[in-house]
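Student: Have a look at the structure that comes next, please.
The values are calculated or read from the model by the stated rules, or taken from the named source; none is laboratory data. Since the model is a prediction, treat every value here as computed from it, not as a measurement. We place every Cβ from the backbone using ideal geometry, glycine too, and count neighbours over all the protein chains shown.
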Amino acid sequence: MSISEEARLALLGFSFRGAGAPVRERVAFTADEIREALTSLVKRGLISEGVIVSTCHRSEIYSLAPDEGARNVLTRFLSEWRGLDQAEIDGSCFYRVGGDAVRHLFRVASGLDSLALGESEVLGQVRQALSLARESGSTRAVMQRLFESAVAAGKRVRAETEIARHPLSVASIGFELARKVFGDLSRRSVLVIGAGETGSLFARHAVEAGVREPVIVNRTESRARELAASVGGRAVPWSGLAAAVPLADVVVSATSSPQHVVTRDQVESAMRERRGRPMLFLDLAVPRDIAPDVTEVYNVFSYSIDDLEEVANDNRARRAQEVPVAEKIVDEELENYLAWLSNLSVVPTVTQLRRRMEELRDLELDRAPAAERERLRGLLDAFSARILHEPLRRMKAEPDPARKLDRVEAVRHLFDLDRE
Amino acid sequence: MDSHLLGWFAVALYLGAEAYSILSLVRPRVPALPGHLLVGGGLILQFAELETRARALHSVPYRTIGGSLALFGWMLGLSYLALLFRHRERAVGPFLIPFVILFSVLGLLLPQPGLAARSDTRGALFALHVTFAILAYAAFTFSFVLSLLYLIQKRQLRRVHTGLLFSRLPALDVIARLNRTSVSIGLSVLGVSVVLGAIWAEHVWSRLPDAKFGSAILTLSVYGFLLWKDRRGWVGERVALLSILGFTLIIFSYTVVNLYFSAQHAFR
């Protein structure tokens, strides 16, 4: 492998692990700022290729720098760009080069470096980062392949492990429990009592889980109507709550009522009306909205916020158990990427191209009469040397490293040199 | 080839299917096809074994408890394969396949004298009567396994145990629907079997059907009651418990009644 190629791959990053929120806020990039920063970095010749990943938990600049001094270049750039003190940047950033930078990105894409282990949102953010870099014209072969490989690693980790399988948010857990009672939720009715922040979150999750037209009940009817309009649901006045309960398969309650909003008598009556069909209650309120003894009613399932938090903790532990398998996948993908990167060096490419020419020559010689072979071999060798001389000279002499890599990549692709 | 050897090969494939279905339970992303092929292969071999026996006896091999259990195991396996293709619920496999193995192994181990069938037990009517009865038992065994799964899943939901089994087992509603279908099929097929048996008995026997007839009527009543209550508020756990009761009745009918109380249905 060409160590110099790998060494020029650098990452300067700020993440929730080392940088506090005030610093992260100052180095965060909007989509427009990413385009602007990348264009500026490339135009000024500070980097040959670059991609910026910016989320609420991290801002990371991946670059292919002309030389090995990328750290100073990037911190100086950030210092000017954001008006930050260079010492402040140095104190809160981390810097990785070569394989370490690649591994870091693969771990990020796989959710292994996320605050919520295994979360899936980051994979979309990595994809989005590549897309913005492409728009800015700051990616070529190395970054393009790096980010595509990162996305592939992220997908593999999620497909081959259970790291993203167990939900962590109480809303997801609540609907996961509902799915385990009712199966497909698209034909089930959900009643949300309370249109505050938690009620809104659950109403949205209900729609994401496939529920059509969740019913919203709130003491202030106008808020129920607002929430219903925003999630495609239906608002019911507070006075209609008792009538709405028997019609719901899932009841989510999140009010600030000091008394129970749904009593055992109401649930028993509802179950009679429902002829025993199961009901599930998610009680997110403190103090509780649903009478705790409703669980004693046949076919009634009721979960409090504490139950859901407990599942979240268990799921966190389950995700953590998957980390060794996920790390192994990251290692495999890292190895593949570094092997590809090392192939991009000029010398092995020229050697492989010459070998390919010799193979083709030998194929042709096999078809020629034996007496002619020696003469033809010399002729074909001279011919291929002439044909290759100028393209290879230009490829070797290219002064711009990124363009040189592009050319190597093009030669490898055109002559199918990665097949070996 | 020795028919028993075919039977043991079938059992080996069922064991492979069981191992694979446990693997699928732990790693649900493993492809389904090998499991299907193992069950399918086992069924083909076991069918060949049953056919060899039938040719030797000139009758469906249900006159001995061994032959009857082998047919039972085969029909249960066939029902499982139908479930795989129809509902793709692989999570039932690890719990159902052991029953297929158990009945098939018992079918091979229990004595099976190679006596030719009595003349009165030859003919399509009798064959259909017994085959339908065994098919009904297979459907009720299915219902029994589903009921156990229902109780396990419900217990996990009640205790908020969201481990491996919780995530792999189907939703309660899905298990309840499959159970309903199994019981409906079992009930219909057993009803047909009883009618066919009664028609056949009228021609052959000098007196009214025996204790086995009574136990079949009792089985029909229990499962009929189950379906009736299922539509009237017993959906879920109570139906599952009733199905388990029904299954114990079948085992009782299959063993104790056949061996000790029934003159006409005794294995010989």
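Student: I'd like the residue in the stretch A:175-190 that is surrounded by 24 or more Cβ atoms within 10 Å (Cβ to Cβ) and in contact with a helix residue (DSSP H, G or I) (Cβ under 6 Å, 6 or more places away or on another chain) and, out of all such residues, is nearest to A:A317 (Cα to Cα).
Tutor: By that ranking, first place goes to A:F175.
Student: Count, please, the residues in the stretch A:259-292 that happen to be touching a Lys or Arg at 6+ places or on another chain (Cβ under 8 Å) and either of a type in the set (S, T, N, Q) or more than 14 Å from chain B (Cβ to nearest Cβ) (or both).
Tutor: Number satisfying all stated conditions: 2.
Student: Continuing with the same structure: Which of the helices (runs of 4 or more DSSP H) contained wholly in the stretch A:1-65 include at least 1 residues that are among the polar types (S, T, N, Q) and modelled with pLDDT under 90?
Tutor: A:3-7
Student: Search the stretch A:203-214 for residues being surrounded by fewer than 24 Cβ atoms within 10 Å (Cβ to Cβ) and either touching a residue at least 40 places away in the same chain (Cβ under 8 Å) or more than 27 Å from the chain's Cα centre (by Cα) (or both), and hand back the single one that is farthest from the other protein chains (Cβ to nearest Cβ).
Tutor: Applying the filter and picking the extreme gives A:E213.
Student: Take B:S253 and decide whether it is away from chain A (no Cβ under 14 Å) and touching a Lys or Arg at 6+ places or on another chain (Cβ under 8 Å).
Tutor: yes
Student: Does B:I175 satisfy being part of a helix (DSSP H, G or I) and either at pLDDT 95 or above or within 14 Å of another protein chain (Cβ to nearest Cβ) (or both)?
Tutor: So B:I175 fits the description; yes.
Student: Follow-up. Among A:L365, A:L379, A:L392, which is in a helix (DSSP H, G or I) and within 30 Å of A:R145 (Cβ to Cβ)?
Tutor: Result of the check over A:L365, A:L379, A:L392: A:L392.
Student: Show the residue pairs meeting these rules: Cβ distance below 6 Å; 6+ apart or different chains; first residue within the stretch B:230-244 and facing another protein chain (nearest Cβ under 7 Å); second residue of a type outside the set (F, W, Y).
Tutor: Within 6 Å, the pairs are B:G233/A:R275; B:G233/A:G276; B:V235/A:G276; B:G236/A:N299.
Student: Out of B:V130, B:V145, B:V204, which single residue is away from chain A (no Cβ under 12 Å), β-branched (V, I, T) and surrounded by fewer than 18 Cβ atoms within 10 Å (Cβ to Cβ)?
Tutor: On the way: B:V130 fails: surrounded by fewer than 18 Cβ atoms within 10 Å (Cβ to Cβ); B:V145 fails: surrounded by fewer than 18 Cβ atoms within 10 Å (Cβ to Cβ).
Of B:V130, B:V145, B:V204, the one residue that is away from chain A (no Cβ under 12 Å), β-branched (V, I, T) and surrounded by fewer than 18 Cβ atoms within 10 Å (Cβ to Cβ) is B:V204.
Student: Considering the stretch A:293-304 alone, what residues qualify as being part of a helix (DSSP H, G or I) and either small (G, A, S) or buried (at least 21 other Cβ atoms within 10 Å of the Cβ) (or both)?
Tutor: Result: A:V294, single match.
Student: Right, another one. Please identify the pairs in which a residue from the stretch A:117-134 that is touching a residue at least 12 places away in the same chain (Cβ under 8 Å) has its Cβ atom under 6 Å from the Cβ atom of a residue that is outside any helix (DSSP H, G or I) and small (G, A, S), counting only partners at least 6 apart or on another chain.
Tutor: Hits for this filter: A:G118/A:G111; A:G118/A:A164; A:E119/A:G111; A:S120/A:A164; A:V122/A:G111; A:V122/A:S114.
Student: Please give the number of the condition B:P31 fails out of (1) assigned to a helix (DSSP H, G or I); (2) free of Cβ contacts under 8 Å to residues at least 12 places away in the same chain.
Tutor: (1) is the only condition that B:P31 fails.
Student: For A:L115, all conditions in the list (1) touching a His at 6+ places or on another chain (Cβ under 6 Å); (2) not in a loop (DSSP other than H, G, I, E, B) hold save one; what is the number of the exception?
Tutor: (2)
Student: Being of a type outside the set (K, R) and surrounded by fewer than 20 Cβ atoms within 10 Å (Cβ to Cβ) is the filter; apply it to the stretch B:174-186 and report the residue that is farthest from B:Y254 (Cα to Cα). Outline the logic, then answer.
Tutor: Within the stretch B:174-186, the subset of a type outside the set (K, R) is B:174-176, B:178-179, B:181-186.
Right, trim to surrounded by fewer than 20 Cβ atoms within 10 Å (Cβ to Cβ) and you get B:181, B:184-185.
Working: B:T181: 23, B:S184: 20, B:I185: 19 Å.
This residue is B:T181.
Student: Something else about it: With respect to B:A32, is the statement that it is surrounded by 14 or more Cβ atoms within 10 Å (Cβ to Cβ), modelled with pLDDT under 90 and more than 18 Å from the chain's Cα centre (by Cα) true?
Tutor: yes
Student: Those residues that are under 19 Å from B:I65 (Cβ atoms) and outside any helix (DSSP H, G or I), I need them from the stretch B:211-263; list them, please.
Tutor: Hits for the stretch B:211-263 are B:S262, B:A263.
Student: I've got another one for you. In this structure, does B:A48 turn out to be in a helix (DSSP H, G or I) and surrounded by fewer than 20 Cβ atoms within 10 Å (Cβ to Cβ)?
Tutor: Details: in a helix (DSSP H, G or I): yes; surrounded by fewer than 20 Cβ atoms within 10 Å (Cβ to Cβ): yes.
So B:A48 passes the test.
Student: List pairs: first residue in the stretch A:297-310 and facing chain B (nearest Cβ under 7 Å), second residue of a type in the set (D, E, K, R) and outside any strand (DSSP E or B) anywhere in the structure, Cβ distance under 8 angstrom, at least six positions apart or on different chains.
Tutor: From residues that are facing chain B (nearest Cβ under 7 Å), the pairs are A:N299/A:R277; A:N299/B:E237; A:F301/B:R158.
Student: Here is a list of conditions, (1) in contact with a helix residue (DSSP H, G or I) (Cβ under 9 Å, 6 or more places away or on another chain); (2) exposed (fewer than 14 other Cβ atoms within 10 Å of the Cβ); (3) acidic (D, E), and A:E390 meets all of them except one; can you say which number that is?
Tutor: Failed condition: (1).
Student: Answer yes or no: is there a residue in the stretch A:168-178 that is polar (S, T, N, Q) and away from chain B (no Cβ under 13 Å). Working first, answer last.
Tutor: The first filter runs over the stretch A:168-178 and keeps only residues polar (S, T, N, Q), leaving A:169, A:172.
Filter once more, so that each one left must be away from chain B (no Cβ under 13 Å): A:169.
For the stretch A:168-178, residues polar (S, T, N, Q) and away from chain B (no Cβ under 13 Å): present.
Student: Is the stretch A:199-217 home to any residue that is over 19 Å from A:F175 (Cα atoms) and part of a loop (DSSP other than H, G, I, E, B)?
Tutor: Among the residues of the stretch A:199-217, not one is over 19 Å from A:F175 (Cα atoms) and part of a loop (DSSP other than H, G, I, E, B), which makes the answer no.
Student: Could you check the stretch A:395-415 and list, in sequence order, the residues that are outside any helix (DSSP H, G or I) and without any contact (Cβ under 8 Å) to a residue 12 or more places away in the chain?
Tutor: Scanning the stretch A:395-415 gives A:E398, A:P399.
Student: Being within 12 Å of another protein chain (Cβ to nearest Cβ) and more than 14 Å from the chain's Cα centre (by Cα) is the filter here, so list the residues in the stretch A:136-167 that pass it. Break it down stepwise before answering.
Tutor: First, pick out the residues of the stretch A:136-167 that are within 12 Å of another protein chain (Cβ to nearest Cβ): A:156, A:158-162, A:165-167.
A:E160, A:T161, A:E162, A:R165, A:H166, A:P167 - these are the residues of the stretch A:136-167 that are within 12 Å of another protein chain (Cβ to nearest Cβ) and more than 14 Å from the chain's Cα centre (by Cα).
Student: Of the residues B:S59, B:S79, which single one is modelled with pLDDT under 85, in contact with a helix residue (DSSP H, G or I) (Cβ under 8 Å, 6 or more places away or on another chain) and more than 30 Å from A:T161 (Cα to Cα)? Even if it seems obvious, please write down each step before you answer.
Tutor: Numbers: B:S79 fails: modelled with pLDDT under 85.
After ruling out the rest, the residue left standing is B:S59.
Residues are listed down the side, and each one gets a yes or a no for (1) surrounded by 15 or more Cβ atoms within 10 Å (Cβ to Cβ); (2) within 22 Å of the chain's Cα centre (by Cα):
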{"position": "B:A171", "(1), (2)": "yes, no"}
{"position": "B:S188", "(1), (2)": "no, yes"}
{"position": "B:V194", "(1), (2)": "yes, yes"}
{"position": "B:G236", "(1), (2)": "yes, yes"}
{"position": "B:L249", "(1), (2)": "yes, yes"}
